[in-house]
Amino acid sequence: MTQSMELTEQIEHIRELTPLDAAEALVGLPADDIQFILSRLPAEQALTIASHLGEAAAPNNAATRAVLSGMEETIGELMTPVTATLPESYTVAEALTFMVKSADVSEISYIFVTENDRLVGVVGMRDLILAKPSEALSSIMVREPFAFLQKTQVEDAVSEVLYRHYRMYPVVDEQQHVVGEVRGWKLYERIASELSAQAGSQYGVAKEEQINTPVLAAFRMRHPWLQVNLITAFAAAFVVGMFESTITQIVALAAFLPVLAGQSGNTGCQALAITLRGITLGQINDYPIRRLLRKEVLLGALNGAAVGVIAGIAMFAYAMATDSANPAMLGLVIFIAMIGACIGSGIFGVAVPLVLKRFGADPATASSIFLTTFTDIIGMGLMLFLATSLVL
């Protein structure tokens with residue numbers, strides 16, 4: 001009880017401070033206390049204070065780093081103590097009396113109603129205020145409410161909140177006993193964090209890296225993926241090297257290698273972005289993979305044909321200007337290669353993150369590095385193969 005009173009006093013103190021001063025006051029507390037205090041503040045104020053924790057915390061402050069990392073894996077790690085749980089036999093008058101005496105009355109959004117200590121319903125503040133004082137909570141509650149299990153993965157919980165827009169969610173154990181609550185803004189914050197981290201993760205930037213991360217720490221996080229990128233680049237260079245004689249005889253092809261690689265790479269990144277977004281938001285669970293692949297194949301064909309016409313005309317004009325042999329056939333080669341490369345990159349844009357997820361890896365981590373290699377190989381390899389077969 002003493003600890004609870006101390007936390008209540010700290011919450012009231014934090015409310016009156018500026019965001020930076022509040023962050024400095026929090027950094028010395030245990031991670032659970034920081035989470036608890038932030039959960040009792042208005043959403044906007046909590047987010048603003050959290051944004052200053054990084055600059056207020058010392059580099060070796062493990063508690064604050066745990067809060068900032070956003071690496072909680074289960075709802076049990078993310079939840080905070082429950083604010084209001086009452087038996088279903090309580091009347092509205094008794095519930096109102098309970099709220100008046102509660103130290104956290106301003107933070108109560110729902111009353112979780114129990115029967116034999118098991119969650120059976122939820123009462124919102126509007127229903128409570130409009131009900132007759134003599135009515136029992138069982139008569140005004142919403143029965144069989146949605147609740148998270150302690151062991152629910154945060155990744156799965158994020159998918160649920162996209163369809164259930166509540167301010168707060170009860171957390172129960174296997175026996176349906178209420179053990180805590182999770183505020184909706186914390187789960188939406190996780191969605192925003194995941195989406196914002198994807199841009200860097202695709203290129204091997206760790207989610208933990210921030211703008212104030214020390215140089216050596218950032219180097220250790222980034223450099224291994226650059227080595228992977230170098231190795232995969234050798235694979236693309238090897239494919240081009242196989243057709244060295246073709247490039248020597250048709251020099252015009254060399255000018256269009258980066259054009260093809262860039263176009264197919266962009267097409268693949270578009271498919272990759274949509275797939276990663278679907279994974280993060282849980283949409284991929286309700287959308288058949290085959291249907292997504294068919295969509296990206298069709299988009300790849302349409303985009304490839306549209307840009308392939310312009311690229312083919314450009315190749316024809318360039319070949320004519322440089323007196324290359326068979327300019328019309330070279331234009332056709334570029335057109336076909338562009339379609340094939342865009343289709344292939346669309347397929348890989350879907351496949352790469354799904355394969356990484358299947359093997360237990362973060363689907364966003366360095367996806368772009370692998371995707372770039374595959375698109376370069378299929379795009380440039382297809383163009384050089386067609387040129388060798390059709391022109392020479």
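In the set (1) part of a helix (DSSP H, G or I); (2) without any contact (Cβ under 8 Å) to a residue 40 or more places away in the chain, the condition left unmet by ASP323 is number (1). Selection within the range 180-202: residues that are surrounded by fewer than 17 Cβ atoms within 10 Å (Cβ to Cβ) and more than 22 Å from THR152 (Cα to Cα). The member of this set that is modelled with the highest pLDDT is SER196.
Figure legend. Inter-residue proximity from the range 217-246: first residues in contact (Cβ under 8 Å) with a residue 12 or more places away in the chain, second residues charged (D, E, K, R), beta-carbon distance below 7 Å, spacing 6+ or different chains. Indicated pairs: MET221/GLU209; ALA236/ASP376.
Taken together, THR373, THR275, THR280 contain a single residue that is within 28 Å of GLU244 (Cβ to Cβ) and hydroxyl-bearing (Ser, Thr, Tyr), which is THR373.
Being at pLDDT 90 or above and either crowded, with 19+ Cβ neighbours inside 10 Å or touching a Phe, Trp or Tyr at 6+ places or on another chain (Cβ under 7 Å) (or both) is the filter here, so list the residues in the range 148-162 that pass it.
Result: PHE148, single match.
Filtering the range 203-261 to residues that are at pLDDT 80 or above and within 22 Å of the chain's Cα centre (by Cα) leaves nothing. Do the conditions hold for ALA361, that is, is it aliphatic (A, V, I, L, M), outside any helix (DSSP H, G or I) and either at pLDDT 90 or above or assigned by TED's automatic domain parsing to the domain that holds GLN249 (or both)? Yes.
On the stretch given as the range 160-186, residues that are touching a residue at least 40 places away in the same chain (Cβ under 8 Å) and in a helix (DSSP H, G or I) total 3.
Within the range 324-338, the set of residues being surrounded by 20 or more Cβ atoms within 10 Å (Cβ to Cβ) and in contact with a Leu (Cβ under 9 Å, 6 or more places away or on another chain) comprises LEU330, VAL333, ILE334, ALA337, MET338. Residues in the range 345-363 that are among the small types (Gly, Ala, Ser) and surrounded by fewer than 24 Cβ atoms within 10 Å (Cβ to Cβ): ALA351, GLY360, ALA361. The single condition among (1) buried (at least 18 other Cβ atoms within 10 Å of the Cβ); (2) more than 15 Å from the chain's Cα centre (by Cα); (3) not hydrophobic (A, V, I, L, M, F, W, C) that GLY278 does not meet is (2).
Residues of the range 235-249 that are touching a helix residue (DSSP H, G or I) at 6+ places or on another chain (Cβ under 7 Å) and of a type in the set (Val, Ile, Thr): VAL239, VAL240, THR246, ILE247.
Select, from MET79, MET141, the only residue that is under 21 Å from the mean Cα position of the chain (by Cα), surrounded by 14 or more Cβ atoms within 10 Å (Cβ to Cβ) and over 29 Å from TYR287 (Cβ atoms). Show your work before the answer.
Numbers: MET141 fails: under 21 Å from the mean Cα position of the chain (by Cα).
It is MET79.
Restricting the first residue to the range 92-114 and requiring it to be free of Cβ contacts under 8 Å to residues at least 12 places away in the same chain, which pairs with a second residue that is surrounded by fewer than 21 Cβ atoms within 10 Å (Cβ to Cβ) meet a Cβ separation below 6 Å and a spacing of at least six or different chains? Final answer for the pair search is VAL105/MET99.
The values are calculated or read from the model by the stated rules, or taken from the named source; none is laboratory data. Being a predicted model, the structure only gives us computed values, none of them experimental. With ideal geometry, Cβ positions are generated from the backbone for all residues, glycine too; neighbour counts draw on all protein chains shown.
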